[in-house]
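One structure is given here, and the rest of the page talks about it.
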Amino acid sequence: MSEKLDTQLMHPRDQIAIIISRIYQRGLTTTSGGNISMIDDNGDVWVTPSAVDKGSLKPSDIMCVKSDGTIIGPHKPSSEYPFHIAIYKSRPDIKAIIHAHPPALVSFSIVRQIPDTNVIVQAKKICGPIGYAAYELPGSFALGEKIADEFKKGFDAIIMENHGTVLGGIDLVDAFQRFETLEFCARTILYGTSLGEVLYLTDDQIDEFDNQVPGLMSEMDSVSYPSD
Ligand SMILES: [Zn+2]
């Protein structure tokens, strides 16, 4: 696809196809792991299918789970869609969810740690505080409950123990930016650790950056998202 991602004008299935392709091509999830969804104004949830190669998903492959439970599309919805539904029920402000198995965040999840986002000034604000969901069987109701409970506490980014990560956003670009930034923090901490002691910014240093007048924050200007 050569189109830019437009969260206002593009159909959810087109947005999801672009973002899942970007995540897979960048090695940020495995072929069999990871799923994306969006909820529209009718309460219908658009979600990636199960058992279809993540590297070649087309908009027509994206499934719709209607608000009454009816499933529309050529495949089965992702086996993990129940936790997406649980999050949407617990947090009406969240309109898009990304779940993936990115190597650096999964590394944190297998040593049962949460990455400290105070590595660069922008990351903490983009990611927000990070929640942690203890292990439950993938696809299970219990996992959905654990994740939804973390979102209920107000977290928009969760580490899933020995599994992966899940991020929510007000739209798909918001969720993707949170996902990409959190994985970036995890990766740089891992790289830094191999070089020496990792030193973090203080909250005061981050607040100082956040309190700048917006006109000075050129790096935070709105960005466009050309497709890969
Ligand atoms: Zn998973």
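The values are calculated or read from the model by the stated rules, or taken from the named source; none is laboratory data. Just so it is clear, the model here is predicted, and its values are computed rather than measured. Glycine gets a Cβ as well: all are built from the backbone with ideal geometry, and neighbour counts include every protein chain shown.
So the values come out like this:
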quantity: Lone qualifier among Asp174, Asp228, Asp210, Asp221 - being at pLDDT 95 or above and of a type in the set (Asp, Glu); calculated: Asp174
quantity: Pairs where the first residue, in segment 100-125, is more than 18 Å from Ala175 (Cβ to Cβ) and the second is more than 14 Å from the ligand (Cβ to nearest atom) and part of a loop (DSSP other than H, G, I, E, B), C-beta under 7 Å, 6+ apart; calculated: Phe108/Ile114; Phe108/Pro115; Asp116/Tyr200; Asn118/Tyr200; Asn118/Leu201; Val119/Tyr200; Val121/Leu201
quantity: Any hit, segment 2-22, residues being farther than 17 Å from Gly139 by Cα, free of Cβ contacts under 8 Å to residues at least 60 places away in the same chain and within 14 Å of the chain's Cα centre (by Cα); calculated: yes
quantity: Which listed residue, of Gly154, Gly139, is within 15 Å of the ligand (Cβ to nearest atom), surrounded by fewer than 21 Cβ atoms within 10 Å (Cβ to Cβ) and not in a helix (DSSP H, G or I); calculated: Gly139
quantity: Residue match in segment 162-173 (condition: assigned to a helix (DSSP H, G or I), under 15 Å from the mean Cα position of the chain (by Cα) and either surrounded by fewer than 21 Cβ atoms within 10 Å (Cβ to Cβ) or of a type outside the set (Phe, Trp, Tyr) (or both)); calculated: yes
quantity: Residue match in segment 50-72 (condition: part of a helix (DSSP H, G or I), in contact (Cβ under 8 Å) with a residue 12 or more places away in the chain and under 25 Å from Arg187 (Cα atoms)); calculated: yes
quantity: In segment 33-54, residue surrounded by the fewest Cβ atoms within 10 Å (Cβ to Cβ) [restricted to those that are within 14 Å of the ligand (Cβ to nearest atom) and among the aliphatic types (A, V, I, L, M)]; calculated: Ala51
quantity: Filter pass, Glu145 being out of contact with any Lys or Arg (no Cβ under 6 Å at 6 or more places or on another chain), surrounded by fewer than 18 Cβ atoms within 10 Å (Cβ to Cβ) and not in a strand (DSSP E or B); calculated: yes
quantity: Considering residues of segment 76-101 that are among the small types (Gly, Ala, Ser) and within 12 Å of the ligand (Cβ to nearest atom) only, the residue modelled with the lowest pLDDT; calculated: Ser79
